[in-house]
Amino acid sequence: MEIKTIARKWGNSIAIILPKTVVDENKISEDEEITIEIKKRPTTGDFFGKFPRKSKKTAQQIKDELRRGWD
C-alpha cells in the first residue's frame, strides 16, 4: 500500500500522521510495531552530475555551435 503524507515538526522530532482509512484498512492499533518505507521525491539537484556526458564540449561551446546557424 502506498499513501502520500506530509512530515511535520513535533517537538524536536518529525512525525507523520496515518489517515484513519489506512489505519482501519490495515487494522493498526496503538503501540503496534509497523514498518514504513521512506521514498523521497527527487529534486533537480539530485540529478546534477549523475549522468555521464557524451561530449567533451562545455555547455558554452554547444550553445555557440547551435547559434551559428541562426545568424
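Being surrounded by 10 or more Cβ atoms within 10 Å (Cβ to Cβ), within 23 Å of the chain's Cα centre (by Cα) and without any contact (Cβ under 8 Å) to a residue 40 or more places away in the chain is a property that does not hold for residue 64. If you scan segment 22-60, which residues turn out to be of a type in the set (S, T, N, Q) and more than 29 Å from residue 6 (Cβ to Cβ)? Residues satisfying the conditions are 55, 58, 60.
Given the structure, is residue 5 modelled with pLDDT under 85 and among the polar types (S, T, N, Q)?
Details: modelled with pLDDT under 85: no; among the polar types (S, T, N, Q): yes.
In short, no.
The values are calculated or read from the model by the stated rules, or taken from the named source; none is laboratory data. Just so you know, these numbers come straight off a predicted model, no measurement behind them. Counting neighbours? That spans all protein chains shown, and the Cβs are built from the backbone with ideal geometry, glycine included.
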